[in-house]
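I have placed the structure first, in the form of structure tokens, so that the comments after it can refer back to it.
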Amino acid sequence: MILLALVISQFPVWKADAAYSTDFKMSGATLVKYRGPDTNVTLPETVEVIGRGAFENNKDIELVVIPKSVKRIDPYAFWGCDNLDTVVLGTGLTEVGDYAFANCGLRSVQFGNGLGCLGNYAFANCGNLTDVKFELSSSVSVIG
């Protein structure tokens, strides 16, 4: 039994998966709600969609790293995240929903070349936001 416990303890991925399973409420590949205490959050590669209101009114987060597996950020996903200063967007992102980052403390955002649609008022009331960049080869066809 002790030998089995020693072997299992050598697999840090299991520990990481356990943390993800408690901090990230998922429905399939959609992140429904983030419930963790961290100020710096890196989403797992299994997330393809950040669901409506997944981080809404989270006053703790300051930095979010969104992997290339995420294709869509739904409306109101980060609404009211007052202390959210930095978002690192993956290259797979194709759509950002209405009000996705409204009422946040963001200062700068840079999109990769896969973005096709930026929803209405995606950055409404982001008083600190001074810099929004798009790749030169960006395929943005809709800016709300």
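Within the shell of other residues whose beta carbon sits under 10 angstrom from the beta carbon of Thr86, the net charge comes to -1, with Lys and Arg scored +1 and Asp and Glu -1. Using the Cβ of Cys104 as centre and a radius below 12 Å, the other residues enclosed give a net charge of -2, where K and R count +1 and D and E count -1.
Tally up the carbon and sulfur contribution to the accessible surface of the stretch 19-144 as a whole percent, 1.4 Å probe, everything protein left in place. After summing per-atom areas, the C and S share lands at 47 percent.
Given all pairs of different Cα atoms, what value in angstroms does the Kirkwood hydrodynamic radius of the stretch 29-95 take? If you can, show how the numbers build up before the last one.
Numbers: mean 1/r = 0.0864 Å⁻¹.
So the Kirkwood estimate lands at 11.6 Å.
When the convex hull of its Cα atoms is viewed from all sides, the stretch 26-144 shows a mean projected area of 6.1 nm². Positive end of the dipole of the stretch 38-144 (Cβ unit charges, origin at the Cα centre): among Val87, Asn103, Cys117, the Cα lying farthest that way belongs to Cys117.
Averaging over all projection directions, the Cα-based convex hull of the stretch 64-129 occupies 3.5 nm² in the image plane.
Placing +1 on the Cβ of every Lys and Arg and -1 on the Cβ of every Asp and Glu, with nothing else charged, gives the stretch 19-144 a dipole about its Cα centre of roughly 180 debye.
Based on protein heavy atoms only, the stretch 28-112 ends up with 42 Å² per residue of surface accessible to a 1.4 Å probe.
The values are calculated or read from the model by the stated rules, or taken from the named source; none is laboratory data. Just so it is clear, the model here is predicted, and its values are computed rather than measured. All Cβ positions, glycine included, derive from the backbone under ideal geometry; neighbour counts span all protein chains shown. Just so you know, the surface numbers come from the protein's heavy atoms only, side chains and all, with ligands and any DNA or RNA stripped out. Shrake-Rupley method; radii C 1.70, N 1.55, O 1.52, S 1.80 Å.
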